[in-house]
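Take a look at the structure set out below.
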Amino acid sequence: MSSAPASAKHFPTRALSTLNGDVLGELASHLRGRDALNLALTARKLHDFAIHRVAAALVCRTRTDLVRLHRHLLSEEPKRAFHLRSLTILGTSFIERPWQEDPNWIFPKNTYEYSLATLLGDILQAAPNLTHLLLEHTAPLLQHDPRIALAVASLSRLVRLELCDVDTNILPVFNHLHSRPQVLHISTVNAHTPAEAKRVLTMMFDILTAVSSVQELRAIDLDLKGLPDPPEPDIIHISLPQIRYLSVHWWHPQIDVAKTFPNLEVFEQHVNSAQLRRTQKPLRRLSVAEIHTFESSRHPVHFLHLRRYPRELRSFRRTIYETSPVGIALHSFIDTPVWLKYWSQLPRAAPRLRFMDVHCHTWERRHEPGWANRFIQCFRRYSLVCLRIVAPQPPSSDSLDAAWHEDDLQTLAELPDRIMQAIPTLRYIAWAPKRRAPGGHMEEYAWYEGAYDCAPASYIWYRVEMDESRSARMLKTIPASQGERVRRFLLDSELDAITNLDDHLRL
């Protein structure tokens, strides 16, 4: 075979290209997914017959996109919408007049018009194989075309369903939903009165009761501040054991998270401080700004993500003590005596701590020489196996802050090696000189929180190894993909496996 001429190798493609269109169409009709894609890429003539059999993921952003999408998916038989797997319809698809053209220049806003909702209804009726659907402006879309509600309810393969701006008219969709989605992202209309807040929360509970397959719930805009204090008993005593992942902005302090979601493993609360009562089992992940109320016993958490640097260090340390995390992600200042004292006390507050993600900041306008080394020396009491750290940047030439001392600049340049020497148990370290902002742009002050990641950055990963003489430790650069495997192992494994990392992780 290796000695066969080149013309022989390409004979099958050439043979297919000589077939007429009817035969090629019949052959392509039996292919789907990767097989269809491979055929489409072999020759231009074959591309036109096979490419429409490839599963598609489409995002619609403008009115023009929606019109073109409608024509592309429905203009031919068999309809291309049949192969659609993921569809995202953004609210900008229905903008009639953008806010820049609003004559009310004091409070300008977009003006929306939903006559094109009928095009969306056509598409959804012809796309039975969707596994992911995201609709913004759901309530007005359902009002303008009732077929949308019927089409969504009839979908039988949905795994991930995201509906924004819903009201109580969405309930029939979930009551008759043929799918069993595991992930539900839902945002509700604003509730301005206690009656509206109760109606919205009751609607959410009714939805989750009707769709018992949901394990991950993201109700980012769910606002419970309007509920009476305390809430009525019929709300307090609801239990949803199927939910294992909960992400909300607001939660009512009198509604016990542990009782409402007894099997919860991951809890994100983005805005107000979380108030936890005793959970039936330890949380795998907790992402909060701060925790305010506790019982006498601890609330063990595998991974604690503090979404902003603390306003008051005592409360901050108390949060860490009560949760006793194995891993932690946080913002921190590293150049003041108060913060250095906090860093020295952290191992006592979190004796189980084995891995950290730290986004470092500086506070002082003028630094005394040696501050960077004093920060590194605080790590001598830690038992970390992995550390990801974003180092602070020195002042620019036009900054009002004083320039850093040469010794501190040298210490930060050697940060990975210095930290390795300070922590005998360390096995991996990831270092980044500057944080990556949303969109991939490098900006020093971009306060964006990713999922359990206070410091998304372009890291250089190192593994700690013994040198050839087996007498000293050294750092060996590893690919970023291996570093991410290490981090995933730390998030998913138990304390014993993490402590004995070398025995359980093979890269």
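Here are a few things to note about the model shown:
- Checked against (1) out of contact with any Gly (no Cβ under 6 Å at 6 or more places or on another chain); (2) at pLDDT below 80, Ser247 passes all but a single condition, namely (2).
- Ile419 satisfies every condition listed in (1) open to solvent by less than 10 Å² (accessible area, probe 1.4 Å); (2) at pLDDT 90 or above; (3) not in a helix (DSSP H, G or I) except (3).
- The number of residues in the stretch 344-361 that are farther than 19 Å from Ile429 by Cα and surrounded by fewer than 19 Cβ atoms within 10 Å (Cβ to Cβ) comes to 5.
For every residue, the table says whether it meets (1) within 25 Å of the chain's Cα centre (by Cα); (2) more than 20 Å from Ser187 (Cα to Cα).
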site	(1), (2)
Ser154	no, yes
Val159	yes, no
Cys164	yes, no
Asn169	no, no
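- Counted residues, the stretch 471-507 - those being part of a loop (DSSP other than H, G, I, E, B) and either of a type in the set (A, V, I, L, M) or open to solvent by less than 50 Å² (accessible area, probe 1.4 Å) (or both): 4
- Counting the residues of the stretch 239-256 that are farther than 18 Å from Ile186 by Cα, open to solvent by less than 10 Å² (accessible area, probe 1.4 Å) and touching a Phe, Trp or Tyr at 6+ places or on another chain (Cβ under 8 Å) gives 0.
- Near pairs, Cβ below 7 angstrom, 6+ apart or cross-chain, from the stretch 105-118 (hydroxyl-bearing (Ser, Thr, Tyr)) to any residue that is open to solvent by 50 Å² or more (accessible area, probe 1.4 Å) and not in a strand (DSSP E or B): Tyr114/His144
- Check on Val326, touching a Leu at 6+ places or on another chain (Cβ under 8 Å), hydrophobic (A, V, I, L, M, F, W, C), in contact (Cβ under 8 Å) with a residue 24 or more places away in the chain and closer than 19 Å to Tyr428 by Cα: yes
- Annotation for the stretch 149-156: no member residue is modelled with pLDDT under 90 and out of contact with any Cys (no Cβ under 6 Å at 6 or more places or on another chain).
- With respect to the conditions (1) surrounded by fewer than 18 Cβ atoms within 10 Å (Cβ to Cβ); (2) under 30 Å from the mean Cα position of the chain (by Cα), Gln377 lacks only one, and its number is (2).
- Residues that are of a type in the set (Ser, Thr, Tyr) and in a loop (DSSP other than H, G, I, E, B) within the stretch 324-382 comprise Ser324, Thr336, Thr362, Tyr382, listed in sequence order.
- Any hit, the stretch 253-272, residues being aliphatic (A, V, I, L, M) and modelled with pLDDT of 85 or more: yes
- The number of residues in the stretch 98-112 that are at pLDDT 85 or above and open to solvent by 50 Å² or more (accessible area, probe 1.4 Å) comes to 1.
- Here the stretch 127-142 is the region considered, the condition is being aliphatic (A, V, I, L, M) and out of contact with any Leu (no Cβ under 6 Å at 6 or more places or on another chain), and the residue that is farthest from Ile170 (Cα to Cα) is Leu134.
- Residue match in the stretch 392-402 (condition: of a type in the set (A, V, I, L, M) and either in contact with a Cys (Cβ under 6 Å, 6 or more places away or on another chain) or modelled with pLDDT of 90 or more (or both)): no
- Residues satisfying the criterion are absent from the stretch 147-168 (criterion: outside any helix (DSSP H, G or I), β-branched (Val, Ile, Thr), open to solvent by 10 Å² or more (accessible area, probe 1.4 Å) and over 28 Å from Leu201 (Cα atoms)).
The values are calculated or read from the model by the stated rules, or taken from the named source; none is laboratory data. The structure presented is a predicted model; accordingly, all values stated were derived computationally and were not measured. Using ideal geometry, Cβ is built from the backbone for each residue, glycine included, and neighbour counts are taken over all protein chains shown. The area values use the complete protein model at the heavy-atom level, side chains included, leaving out ligands, DNA and RNA. Shrake-Rupley method; radii C 1.70, N 1.55, O 1.52, S 1.80 Å.
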